[in-house]
Amino acid sequence: MSRALVPNETLANALGANELARELGARGYQVVRSGGFGLAWLEPMLVIDGQAYGPVRDLDALEEVALGPVNEIPAIARQRRIIFDRCGRGNPMDYDPAWLLDQLRRSPREIIAEIRASGLRGRGGAGFPAHIKWQTVHDTPAPQKYIVVNADEGDSGTFADRLIMEGDPFRLIEGMLLAGHAVGADKGIVYLRSEYPLAARIFDQAIARARELGLLENFALELFIGAGAYICGEETSLLESLEGRRGEVRSKPPVPAVAGLFGQPTLVHNVISLCSVPGILRMGGAAYAEIGVGPSTGSMTFQLAGNIQRGGLYELPFGLSMRELVEDWGGGTRSGRPFGAVQLGGPLGAYLFEDALDTPLTYEATAKLGAGIGHGGLVVFDDTMDRVRQAHFAFAFCAHESCGKCTPCRIGAVRGKETMEALAAGEYTEDKIAVIAELCDVMEEASLCQMGGMTPIPVRSALGIAPGISE
Amino acid sequence: MENDSAIRELVSACVGQTGAPVTALRKIMATHGHITDEHVGIVADVFNLSRADVRGIVSFYSDFSTTPRGRKHIRICQAEACQAVGCRGLTREVSAALGLGLGETSEDLAVSLEGVYCLGLCASGPSAMVNERIIAHATREDLLQ
């Protein structure tokens, strides 16, 4: 009997994967609901006895969309899939815990040493060295410590957390259990955004399966669903939300690694940071550090989105240029019009233009541009993008999502939005630009968190304003 | 009221869970469609919070609504990746066809329109949701049919 892998993944399902699975079942195939490979333009993509087909609209016309052996599709074979190696290859619930149980016998000191050697930095946006957080939580004495996973993936242009939680939830469970063992935390909570209902269902199944496998005897694992607030992706806002309150950010210090959830030492990590941990332990921290460029070590889950031909998730070593990603991997704009801009790293990321495309994707090189890699998302626009409108949106989004705790963000965003509206209405004067520049400087300097502090980045880059000119 | 005791049971079942008040309000939304003053009172009572605290939570999170939504609830992504492929135009067309702005509900409660910031289908936009159904490459027809 032929075996058909049909992704059970939100995008593939939106494009008809559920119906295809039913139809294949009726035709006598052995249907396995797998994860998605993340190649959005090929969804729904089926793998039948190792041969891939996509995008499949009609099962009677499979040969028209034949892609050859799945392992030879260049867009998969040329990746460096360390986190996503299992994703798409079978039923995610078929999990063999032998390797994990073996790793959990290593000493915490040894595991933290591997993380330090790997040079792993947080993949959620800040890029903070992971081992420092691990060591801090480990070294802070407390009656209770927590692992908190930030799966509040609200940045437009990103979907890596969703893909791994739908396609290989055990990768995240591995990361959480290993981190818990290393830092001495026996409770873990995943904070997942409510916009991802399928990821929630699949992760719940995985928790139940992990319990059956005996993996949760010494570790309490819980899934918490958010309620629609972008700001809850900020770690202290997320902790407030987990404590059942409005997600208003806390001032730091103390950092969550010292006093986090319910005042206890808490290791807060993005999904992809924790999902990088099993690969590091498998190959060894030193070997992992050789992947990538300089201090940007390892693989990054780049996500190509917006106006792009071949969008999707590409796990690659740091260091390729934005041009390679947008042109070679992505095939240019979907509209067929000339490239306009890319917004790198989510709504708080910079708009970058043609002249920046040869910049290598590393933490260091993008920082030199006043930009950041963020969670690895690149949103591509064609040449119809209106810079004034995008700068207006950056303020409007901040005004909509601001938690309201600090004045620069709460009021600055609204004033910025109003001023941009006046600009867009044709009052494009030096006075107005000066107001925007000053607002940006104040928000950057004085906001409590990155929501207000980084909103100036898309505004200034879209309008071509240099930082600090208001002084 | 009979309905009140059912809600009280639902809310009480959350006691002791992480982030319980938020979870309780999410469950009320799921079963009741919106959050009333009576519900706020029940949540305040069960968790020993003030009504103001609970109203504060309700107003903070965009999933919580104090007014009923339409039987057909249309949400269109307004974030950058969807802007790059025309969500603004799509929103204008749907809005004009329905006679509703973002955040509005028709008087007969048949349909409501709302913006949403990212559904995670950013390489296949514009994306939208109609009730529980998620739509990639959304068109005017997909949303209005």
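The values are calculated or read from the model by the stated rules, or taken from the named source; none is laboratory data. Treat the numbers as computed from the prediction; the structure is a model and nothing was measured. Cβ: placed from backbone, ideal geometry, glycine included. Neighbour counts: every protein chain shown. Just the protein is used for accessible areas: all its heavy atoms, side chains included, with ligands, DNA and RNA removed. Shrake-Rupley method; radii C 1.70, N 1.55, O 1.52, S 1.80 Å.
As a ratio to 2.2 N^0.38 Å, the alpha-carbon radius of gyration computed for the range A:374-471 takes the value 1.02. The calculated Kirkwood hydrodynamic radius for the range A:1-53 is 10.7 Å, given to one decimal from all distinct C-alpha pairs. Please report the relative contact order for the range A:253-388, taking Cα pairs under 8 Å with a sequence separation of at least 6, and give it as a percent rounded to a whole number. Reported as a whole number, the value is 22 percent.
Its relative contact order, with pairs defined as Cα atoms under 8 Å and 6+ residues apart, puts the range A:175-313 at 17 percent.
For the range B:40-89, a reduction of at least 50 Å² in accessible area between the chain on its own and the assembled protein chains (probe 1.4 Å) is found at B:PHE60, B:TYR61, B:ASP63, B:GLU80, B:ALA84, B:ARG88.
Per residue, the accessible area of the range A:270-379 comes to 28 Å² when a 1.4 Å probe rolls over the protein heavy atoms. Across the accessible surface of the range A:292-382, with the other protein chains kept in place and a 1.4 Å probe, carbon and sulfur atoms take up 52 percent. Rounded to the nearest 100 Å², what is the sum over both chains of accessible area buried where B meets A, with a probe of 1.4 Å? By this definition, chains B and A bury close to 3500 Å².
Pairs of Cα atoms nearer than 8 Å and 6+ residues apart set the relative contact order; for chain A it is 14 percent.
Unpaired cysteine residues in chain B (no second Cys Cβ under 4.7 Å): B:CYS14, B:CYS118, B:CYS122. How much of the calculated P(r) for chain B lies past 24 Å, in percent of all Cα pairs? Every Cα pair in chain B considered, those over 24 Å come to 41 percent. Sorted largest first, the principal axis extents computed over the alpha-carbon atoms of the range A:277-421 equal 52, 41, 24 Å. Of the Cα atoms belonging to the range B:72-144, the radius of gyration and Dmax stand at 11.1, 36 Å. A loss of 50 Å² or more of accessible area (1.4 Å probe, protein heavy atoms, ligands and nucleic acids excluded) relative to the isolated chain is seen in these residues of the range A:203-228: A:PHE224, A:ALA227. Of the cross-linked pairs A:LYS252/B:LYS27; A:LYS133/A:LYS368; A:LYS417/B:LYS27; A:LYS405/B:LYS27; A:LYS252/A:LYS432, which ones have a Cα-Cα span greater than 29 Å in the structure shown? Beyond 29 Å: A:LYS252/B:LYS27; A:LYS417/B:LYS27; A:LYS252/A:LYS432.
Would you please classify the overall shape of chain A from the alpha carbon gyration tensor, given that a ≥ b ≥ c denote the square roots of the eigenvalues, rounded means a/c under 1.5, and beyond that prolate means a/b larger than b/c while oblate covers the rest? Provide the component values of the computation, followed by the final result.
On the way: a/c = 1.78, a/b = 1.19, b/c = 1.50.
It comes out oblate by the Cα gyration axes.
Mean partner shielding of peptide A:100-108, defined as the number of other chain Cβ atoms within 10 Å of each residue Cβ, is 0. Cα centroids of the range A:23-39 and the range A:202-259: how far apart, whole angstrom? That distance is 32 Å.
With the full set of protein chains in place, find how many percent of the accessible area of the range A:98-289 is carbon and sulfur; take the probe as 1.4 Å. Can you show the working numbers first?
Details: 3170 of 6020 Å².
The C+S portion of the solvent-accessible surface of the range A:98-289 is 53 percent.
Inter-chain Cβ neighbour count for A:308-316, averaged per residue, equals 2 (cutoff 10 Å, partner chain atoms only).
Compute the accessible area per residue over the range B:2-60, keeping the other protein chains in place, probe 1.4 Å, unit Å². Write out the running numbers ahead of the final one.
Working: 2810 Å² over 59 residues.
Dividing the accessible area of the range B:2-60 by its residue count gives 48 Å².
Dividing the convex hull volume of the alpha-carbon atoms in the range A:98-289 by its residue count gives 111 Å³ per residue.
Of the residues in the range B:105-145, those shielded by at least 30 Å² of accessible area once partner protein chains are present, compared with the chain alone at a 1.4 Å probe, are B:TYR117, B:CYS118, B:LEU119, B:GLY120, B:LEU121, B:CYS122, B:ALA123, B:SER124, B:ILE134, B:ALA136, B:HIS137. I need the shape label for the range A:190-266. Rule: rounded when a/c is under 1.5, else prolate if a/b > b/c, else oblate, with a, b, c from the alpha carbon gyration tensor. Cα axes put the range A:190-266 in the oblate bin.
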